[in-house]
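Working notes, structure below.
The values are calculated or read from the model by the stated rules, or taken from the named source; none is laboratory data. Because the structure is a prediction, the values reported are computed rather than measured. In this analysis, Cβ positions are derived from the backbone assuming ideal geometry, glycine residues included, and neighbour counts consider all displayed protein chains. Quick note on the areas: whole protein, heavy atoms, side chains included, nothing else; ligands and nucleic acids left out. Shrake-Rupley method; radii C 1.70, N 1.55, O 1.52, S 1.80 Å.
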Amino acid sequence: MAGLADILGRDLPLHVVDVGAASMGKEGDPYHALLGDPAVRVTGFEPRAEACAERNASAPPNHRYLPYFVGDGATRDFHVCANPLTSSLYRPNDRLLELFHNLPLPVVETTQVETRRLDDLPDLASCDLLKIDVQGAELDVLRGAPRIAGGALVVDVEVEFVPMYEGQALFGDIDVHLRGLGFMLHRFTAPFSRQLRPLVFGGGPFGPGSQLLYAEAAIYIRAIDKLETLSDDRLLAFARIMHDVYRSYDLVGLLIAAHDKRNGGDLLSRYKAALAAPG
């Protein structure tokens, strides 16, 4: 289906802030559907120098990636794991992880780093979509970003349901924090489980088990019973994110209808026609 900017026939610029922006391959970014549009800016943060350089090497002019450890501004230990994508400001919780098949996160090096708060970074005034994937340090990022996170329309944040890293915040902590900023939970994407030892069944030792461990993302959206707090432009930006990225068509309809009611327009009919069109 066409993107919402094309359906509505108007420019809908967006700013995406990506904390934990290592490349996951083609279409690996959850917001990949937005990336062909020069009206969409991306500011990403990936502290591993090689991974950051890889992103910048192929980035269009409206994308930039910075090699910062984003967090609460404190000096922290960074635990480098054998799988770099699982490295974290928190040490892996070996005692828990060893209860599961094939879930080790061996640490190969620990180094001290300076974290930076999103709200303290120059030239980062606001964002529309905030994506955070930092292996257990998500709440630290949010606590360092009351302005940036508080002004976002959508927050896409990885969450753990059990402490895979020692001392990390869990889903409940992040949920309380984001609800305090005026968000509501929309849905989870890609929930993950792994079988507990010693039993092996079904798909084998790499197959899903009964214990939910984490979700690739919990999608938080601006509270839909308080849409009056959003400007007309922000309503349509919100609608674009939910259409292009998350395919939440009923929510998009609600947002467009709110825009129509304010302005006496009928963008909703155009949107309905696009949804009904074949292909």
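If I go through the range 16-40 residue by residue, how many of them are within 15 Å of Cys52 (Cβ to Cβ) and in contact with an Asp or Glu (Cβ under 6 Å, 6 or more places away or on another chain)?
4
Scan (1) surrounded by fewer than 19 Cβ atoms within 10 Å (Cβ to Cβ); (2) farther than 27 Å from Val245 by Cα; (3) hydrophobic (A, V, I, L, M, F, W, C) for the single condition Met184 breaks and write down its number.
(2)
Consider Asp123 carefully, then state whether it is surrounded by fewer than 22 Cβ atoms within 10 Å (Cβ to Cβ), assigned to a helix (DSSP H, G or I) and not aliphatic (A, V, I, L, M).
It is false that Asp123 is surrounded by fewer than 22 Cβ atoms within 10 Å (Cβ to Cβ), assigned to a helix (DSSP H, G or I) and not aliphatic (A, V, I, L, M).
How do the pairs read when you match residues in the range 170-181 that are free of Cβ contacts under 8 Å to residues at least 60 places away in the same chain with residues anywhere that are open to solvent by 40 Å² or more (accessible area, probe 1.4 Å), using Cβ under 6 Å and keeping only pairs 6 or more apart or on different chains?
Phe171/Phe161
List the pairs whose first member sits in the range 108-119 and is over 16 Å from Leu130 (Cα atoms) and of a type in the set (Ser, Thr, Tyr), whose second member is open to solvent by 70 Å² or more (accessible area, probe 1.4 Å) and not in a strand (DSSP E or B), and whose Cβ atoms are under 7 Å apart, counting only residues at least 6 apart or on separate chains?
Once the first residue is over 16 Å from Leu130 (Cα atoms) and of a type in the set (Ser, Thr, Tyr) and sits in the range 108-119, no partner that is open to solvent by 70 Å² or more (accessible area, probe 1.4 Å) and not in a strand (DSSP E or B) comes close enough.
Enumerate the pairs (first residue in the range 135-157 and farther than 15 Å from Asp72 by Cβ; second residue anywhere and open to solvent by 10 Å² or more (accessible area, probe 1.4 Å) and part of a strand (DSSP E or B)) with beta-carbon separation below 6 Å, excluding pairs fewer than 6 apart on the same chain, so at least 6 apart or on different chains.
From residues that are farther than 15 Å from Asp72 by Cβ, the pairs are Leu153/Arg222; Asp156/Lys131.
Could you list all residues from the range 169-187 that are of a type in the set (Val, Ile, Thr) and touching a Leu at 6+ places or on another chain (Cβ under 6 Å)? Even if it seems obvious, please write down each step before you answer.
Filtering the range 169-187 for residues of a type in the set (Val, Ile, Thr) gives 174, 176.
Result: Ile174, single match.
For the range 139-161, give me each residue that is part of a helix (DSSP H, G or I) and within 20 Å of His243 (Cα to Cα). Step through it out loud before you land on a result.
Within the range 139-161, the subset part of a helix (DSSP H, G or I) is 139-143, 146-151.
Passing the criteria: only Gly151.
Out of all the residues in the range 146-173, which are more than 30 Å from Ser210 (Cα to Cα) and open to solvent by 10 Å² or more (accessible area, probe 1.4 Å)?
Result: Pro146, Arg147, Gly150, Gly151.
Scanning for something in contact with a helix residue (DSSP H, G or I) (Cβ under 6 Å, 6 or more places away or on another chain), at negative phi and basic (Lys, Arg), does the range 240-247 turn up at least one residue?
yes
Any chance the range 83-90 includes a residue that's under 19 Å from Val141 (Cα atoms), crowded, with 16+ Cβ neighbours inside 10 Å, touching a Pro at 6+ places or on another chain (Cβ under 6 Å) and of a type outside the set (Asp, Glu)?
Step one: of the range 83-90, the residues under 19 Å from Val141 (Cα atoms) are 85-90.
When the remaining residues are screened for being crowded, with 16+ Cβ neighbours inside 10 Å, the result is 86-90.
This time we only want the ones that are touching a Pro at 6+ places or on another chain (Cβ under 6 Å), so: none.
So far as the range 83-90 goes, no, none of its residues is under 19 Å from Val141 (Cα atoms), crowded, with 16+ Cβ neighbours inside 10 Å, touching a Pro at 6+ places or on another chain (Cβ under 6 Å) and of a type outside the set (Asp, Glu).
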